[in-house]
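Okay, so here's the structure we're looking at.
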Amino acid sequence: MKRIFSVLVENRSGVLTKVSGLFARRSFNIDSLAVGETENAEVSCMTIVSSGSERTMEQIEKQLNKKLDVIKIRSFENWQAVARELCLVKVRYNRSNKMEIMATCSLAGAQIVDSSKNMMLIQICDTPEKVQAMLELLHGVSIVEVARTGTLALPACGVNLDK
């Protein structure tokens with residue numbers, strides 16, 4: 001099972017190390033991790049996607065709650081969230097595949113954000129599954145470099161996570 005943890009933490013040095021260390025020490029898996037400031041510069045939001053058994057997910061939440069730097073934890077499943085990932089893909093193209101790459105981008109809702117004589121930089125912002133599907137569609141061309149943000153997620157409007 002996959003679970004998304006939205007963890008509000010104090011925005012100071014060492015907090016990421018403490019949280020990732022908790023996962024490492026207990027052999028919890030991190031599928032994705034994204035961290036950024038909230039509207040309050042003193043608070044950051046860590047979006048952690050993890051997978052494992054129901055018991056493992058409960059343990060992650062309990063262990064995170066023990067951390068002093070953690071302000072609040074919300075956990076939810078994919079179906080309860082709006083999740084997005086940003087991906088930049090640099091591809092090498094030639095005359096024969098340029099139009100195919102452009103058509104693939106158009107179908108996937110991706111954008112070409114930079115280009116040169118033989119390279120394109122493609123941006124896609126969508127669900128992690130659609131980002132992965134786009135990468136698979138581009139697998140036939142020469143991918144030079146890929147950068148992914150990791151999943152960002154918030155509970156969907158109308159989803160009540162209060163227990």
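Flag not set for Ile73, criterion: among the hydrophobic types (A, V, I, L, M, F, W, C) and over 17 Å from Val49 (Cα atoms).
Among the residues of the range 146-154, is any within 29 Å of Thr38 (Cα to Cα), assigned to a loop (DSSP other than H, G, I, E, B), open to solvent by less than 50 Å² (accessible area, probe 1.4 Å) and touching a strand residue (DSSP E or B) at 6+ places or on another chain (Cβ under 8 Å)?
Yes - at least one qualifying residue is present in the range 146-154.
Here Ser27 passes the criteria (1) of a type in the set (S, T, N, Q); (2) in a loop (DSSP other than H, G, I, E, B); (3) open to solvent by less than 80 Å² (accessible area, probe 1.4 Å) except the one numbered (3). Considering (1) in contact (Cβ under 8 Å) with a residue 60 or more places away in the chain; (2) assigned to a loop (DSSP other than H, G, I, E, B); (3) open to solvent by 50 Å² or more (accessible area, probe 1.4 Å), the lone condition that Asn160 does not fulfil carries the number (1).
The values are calculated or read from the model by the stated rules, or taken from the named source; none is laboratory data. All values reported here derive from a predicted model rather than from experimental measurement. Every residue, glycine among them, receives a Cβ derived from its backbone with ideal geometry; neighbour counts consider all protein chains shown. Heads up: the accessible areas ignore ligands, DNA and RNA and are worked out on the full protein's heavy atoms, side chains in. Shrake-Rupley method; radii C 1.70, N 1.55, O 1.52, S 1.80 Å.
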